[in-house]
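Q: One structure follows; several queries about it will come next.
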Amino acid sequence: MSDFETILRESLPPYAADRLLEVLGSDSSSAMVSVRVNPFKTSVCDSFNDAFGEDSRPVPWCGGAFFLSGRPAFTLDPAFHAGAYYVQDSSSMFPSLIQEKICNAADGGTVLDLCASPGGKTTHLLSILKGCSKMPLLVSNEAVGKRVPPLTDNIAKWGSPNVLATNLSAEQLGTLEGFFDVILTDVPCSGEGMFRKSADAVDGWSRASVMECAALQRSILSDVWPALKPGGLLIYSTCTYNHFENQDNVKYIAEELGADFIPVENDRLSLVKGLVSLPLGYQFVPGLVDGEGQFFALLRKKAGENPHKAKPQKHSGKSRFAEIQGDFFGPVRFLFDRESSQLYLLPSEPGVCSAMMDAVMRLSALGRPFLKTAGCRVGEVKAGKIVPDADLALSSALAEAEKGRISAVLPGDGKETALEFFCAEIGRETALKFLSRENITPQPSWPRGYILLKYRGLGLGFVNNLGSRCNSLHPLMRRILHR
């Protein structure tokens with residue numbers, strides 16, 4: 001018996017271990033493909049139905065999610081690039097099973113997605129938090145620098161401004177004592193759930209690597225633990241099966257850090273036929289459920305003396321960041337970064353806006369670059385004008401726009417800077433040309449200046465119409481390479 005099988009049989013009931021071993025030896029092409037539809041976007045349902053039609057069925061445990069009969073060429077669907085939906089394994093959609101508990105704990109507060117790249121759980125959390133009676137702020141963090149761009153790309157595509165993306169370690173975030181009401185930790189793991197998809201995951205597995213991952217996970221958890229409020233929720237998850245990284249670490253959180261394991265209600269679990277209930281968590285097992293496997297557990301930090309929480313800081317003129325006034329289909333607030341001249345659109349909800357500025361000011365006190373995006377990246381201020389950022393085109397705030405004007409009063413001199421743009425609906429072929437950064441010939445009806453290109457009402461990106469040609473503002477890193 002191999003090390004993997006030995007550990008697997010120690011970790012799962014016999015029927016589940018037998019079924020998993022059978023599935024891992026089968027053809028990976030049988031794996032189900034699933035997507036989540038974006039509730040922040042308009043025209044999403046039409047785009048989804050046109051793309052997939054009747055070749056889909058709902059994911060029972062996640063509203064707005066669907067299994068597909070095959071794997072379409074997502075890269076060639078402009079609606080995918082516009083953020084109409086997110087391709088995600090159905091097992092990873094487990095937060096929907098505990099969405100009421102998440103909203104009850106996070107209502108009007110602050111949520112942290114600690115190890116967030118590439119953004120699947122961040123976008124899912126944004127969709128869940130949309131249903132809270134008071135919208136919370138979501139801080140989406142990725143500690144590994146090279147993993148940040150996929151995260152910020154997917155945040156931008158989702159189009160919600162209620163998120164702050166950061167690049168900090170768990171230890172640095174742990175200095176924000178009692179700051180978060182809910183923390184989701186989808187920690188780095190040995191990746192046994194990737195065995196059917198990746199030969200490298202199989203080749204890189206060993207008992208030693210499992211033990212190293214388990215130790216790293218405990219270190220991450222202990223570092224970030226002070227940032228969770230007493231009584232706050234910790235959602236712990238991995239895409240692996242062994243007890244060292246799963247149940248043993250849940251036991252560590254409960255006994256060493258101080259938390260109570262919270263069972264999930266039976267009526268919610270019944271939505272996932274075949275889900276394995278363990279003494280300290282829940283396991284999606286391929287072959288028993290439609291998915292590639294995920295472990296999760298919910299814990300509540302034990303009550304104690306509430307740590308001091310700093311009051312929101314005043315935004316002095318000496319700070320790198322300033323909250324400024326502006327107009328964007330009505331009065332709005334912006335965040336201005338003096339060092340990079342970047343302008344960010346803050347959330348419209350006053351509570352979320354205030355929480356975001358509080359978080360920015362507190363995190364800036366750590367003395368290192370941390371901010372990757374806040375709200376929605378509007379653009380860079382150059383020579384008194386705003387050059388639109390690609391992220392702005394993807395914002396849900398522009399869903400109904402036919403044209404727009406954004407203006408902001410810069411700090412210090414009190415001068416106004418502005419951006420004007422027009423919107424143009426384009427077809428699939430032109431959309432794919434734009435996404436590939438191929439030349440686009442402007443239409444006679446397009447005015448000169450910045451044009452927001454839309455596909456089925458979904459913002460794709462900006463071009464600058466110079467009259468005879470258009471300059472693309474689509475980032476090189478997001479372009480389609482083959483079509």
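Every number here is computed from the coordinates shown, using simple stated rules; none is lab data. In this text the structure is predicted, and so the values were computed from the model without any measurement. Cβ sites come from the backbone with ideal geometry, for glycine too, and all protein chains shown count toward neighbours.
Q: How many angstrom separate the Cα center of the stretch 341-403 from the Cα center of the stretch 426-483?
A: Cα centroid to Cα centroid, the span is 23 Å.
Q: Just name one of MET93, PRO78, CYS470: the one whose Cα is farthest towards the positive end of the charge dipole of the chain (beta-carbon charges, Lys/Arg +1, Asp/Glu -1).
A: Of the options given, the answer is CYS470.
Q: Given charges of +1 on the Cβ of Lys and Arg and -1 on the Cβ of Asp and Glu, with all other atoms neutral, how large is the dipole of the stretch 321-478 about its Cα centre, in debye to the nearest 20?
A: Rounded to the nearest 20 debye, it is 460 debye.
Q: Next up: For the stretch 313-390, which GluC sites (Glu not before Pro) pass both filters: DSSP loop (anything but H, G, I, E, B) and at most 14 other C-beta atoms within 10 Å?
A: GLU339
Q: Looking only at the stretch 347-371, which residues have a backbone nitrogen under 15 Å from a spot 7 Å from the Cα of ARG320 in the C-beta direction?
A: The answer is 359-371.
Q: Å³ per residue of the Cα convex hull, for the stretch 321-478?
A: Per-residue hull volume (Cα only) is 118 Å³.
Q: From the cross-link list LYS146/LYS251; LYS197/LYS251; LYS134/LYS372; LYS121/LYS197; LYS101/LYS134; LYS121/LYS146, which pairs have alpha carbons spaced over 23 Å apart?
A: Violating the 23 Å Cα-Cα cut-off are LYS146/LYS251; LYS197/LYS251; LYS134/LYS372.
Q: Shifting gears a bit: MET211 to ALA401: FRET efficiency via 1/(1 + (r/R0)^6), r the Cβ-Cβ distance, R0 60 Å, to the nearest 0.05?
A: With a Förster radius of 60 Å, E is 0.65.
Q: Using just the helices of the chain, give the 222 nm mean residue ellipticity in deg cm²/dmol: DSSP H runs with n ≥ 4 each add -39,500 (n - 2.57), and the total is spread over all residues, rounded to 500.
A: It lands at -7000 deg cm²/dmol.
Q: When only DSSP loop residues count, what trypsin sites (Lys or Arg not before Pro) in the stretch 328-435 have their Cβ near at most 11 other Cβ atoms within 10 Å?
A: Taking the stretch 328-435 and a limit of 11 other Cβ atoms within 10 Å, the loop trypsin sites (Lys or Arg not before Pro) found are LYS415.
Q: Let me ask you something else. In the chain, if the dipole is taken from +1 on Lys/Arg beta carbons and -1 on Asp/Glu beta carbons about the Cα centre, which of ALA106, SER56, LEU278 is farthest to the positive end?
A: The Cα lying farthest towards the positive end belongs to ALA106.
Q: Follow-up question, since we're still on this one. Please list, short to long, the whole-number percent of alpha-carbon pairs of the stretch 3-301 in consecutive 10 angstrom bins beginning at zero.
A: In order of increasing distance, the bins hold 6, 28, 37, 24, 5, 0 percent.
Q: Related question: In the chain, if the dipole is taken from +1 on Lys/Arg beta carbons and -1 on Asp/Glu beta carbons about the Cα centre, which of SER26, SER396, PRO226 is farthest to the positive end?
A: Going by the Cα projections, it comes out as SER396.
Q: Return the distance in nm (one decimal) between the two label points of a simple spin-label model at GLU256 and SER2, each offset 7 Å from Cα along Cα→Cβ.
A: Taking the two extended label points, one gets 2.9 nm.
Q: Distance between the C-alpha centers of the stretch 67-134 and the stretch 245-263? Whole Å please.
A: Between the Cα centre of the stretch 67-134 and that of the stretch 245-263, the gap is 25 Å.
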